[in-house]
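Everything on this sheet refers to the single structure shown next.
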Amino acid sequence: MKFFLALFWTFLLGSTLAFAAPDSKSILVAPNVEIPVTRYHAGKRNLILWLPSERGVVQAEHDTAAKLARRGYSVWVADLFGARFLPVGPSSVDEIPAADVAGLIQAAAKKYRKIILLSSGRGAALALGGAQHRGRPIAGVVLLFPNLLAGSPEAGEEAAYLPLTRQTHLPIAILQGDKSPWHWQLDALKQQLEQGGSRVVITTLPGMRDRFYFREDALPHERELADRLDSLIVDAIKSLPALKRKSP
């Protein structure tokens, strides 16, 4: 009996240590600029650096981060808007320097061996821009319904993309719902990213709209998939393609 009690308490203690409560830390990335980060701990090997979209940090992302930590991925959820006292919104994304993200990557690289960038919507530009200023290689980027357009194209016009889409050299996994207004441009986006040497894998999510995991008007099937967002992200990480070596 004593043996089984000891085994039970050992298991309970081990579980508590493995799934420690998240904590908060401010990371200095520039003079007078500290980025608030909520950290979900799961070891020192894999880190997902979750960057906000134009909607800011939402509760569903914290909930998913906790699930990812239980699956062995440490997660940093970064409030890039709060660091510079910017209002949450699309225009503020353009005011966040890529160097802020690079500073987070540099801080994370002191502890973690493998860093994966994760973002959605217009936050995709923050991920790709920060990766270009990285101090060490990024293992890959996972983008949920990314919007990397330079502007909204008029009817019949060809879409124009941000220049950084053609300057990125990374493994990239894209998760895109087929009910998204950007679904139609996935092939064009893939071609743009590949111009810089990126390798891209795309997963289409049937019946899903953008922001499916935190929409107030989410449909039942969207809520069901939102509950499994951690699995989608893990599968996307595992699907990241290996980069081809650049020619000398």
Highest mean first, how do 144-152, 43-51, 82-90, 31-39 rank when packing is the count of other Cβ atoms within 10 Å averaged over residues?
43-51, 144-152, 31-39, 82-90
Tell me, in nm to one decimal, what length is gained between Q195 and E224 on full extension, where the rule is 0.36 nm per residue of separation less the Cα-Cα distance?
6.8 nm
Using θ = phi - 60° and Karplus 6.51 cos²θ - 1.76 cosθ + 1.60, couplings along the stretch 65-82 (whole Hz; Gly, Pro as x):
4, 4, 5, 5, 5, 5, 9, x, 10, 5, 9, 10, 9, 9, 9, 6, 5, x
For the stretch 124-132, take each phi angle, set θ = phi - 60°, evaluate the Karplus expression 6.51 cos²θ - 1.76 cosθ + 1.60, and give the result in whole Hz per residue in order, putting x for glycine and proline.
4, 5, 5, 5, 5, x, x, 5, 5
Could you give the accessible area per residue of the chain, probe 1.4 Å, as a whole number in Å²?
51
For the chain, what ratio Rg/Rh do Cα atoms give with a Kirkwood hydrodynamic radius?
1.00
Pop the C-beta distance of W184 and A21 into the FRET formula with R0 = 41 Å and round what comes out to the nearest 0.05.
0.45
Whole-Hz ³J(HN,Hα) from phi, Karplus 6.51 cos²θ - 1.76 cosθ + 1.60, for the stretch 176-185, glycine and proline x:
9, x, 7, 9, 7, x, 9, 4, 5, 9
Does anything in the stretch 160-177 have its amide N under 16 Å from the 7 Å Cα→Cβ label point of S239, and if so which residues?
171-177
Estimate the FRET efficiency between N32 and K111 by the formula 1/(1 + (r/R0)^6), using the beta-carbon distance for r and 30 Å for R0, to the nearest 0.05.
0.80
How many lysine pairs are close in the chain, with Cα atoms under 14 Å apart and the two 8 or more places apart or on different chains?
4
Euclidean distance between Cα centres, the stretch 22-44 to the stretch 173-200, Å
30
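Share of the stretch 153-243's accessible area from carbon and sulfur, percent, 1.4 Å?
49
The values are calculated or read from the model by the stated rules, or taken from the named source; none is laboratory data. Note that the coordinates shown come from a computational prediction; the quantities given were computed from them, not determined experimentally. Note that each Cβ is placed from the backbone with ideal geometry, even for glycine, and that neighbours are counted across all protein chains shown. In case anyone asks, the SASA skips ligands and DNA or RNA and just uses the protein heavy atoms, side chains included. Shrake-Rupley method; radii C 1.70, N 1.55, O 1.52, S 1.80 Å.
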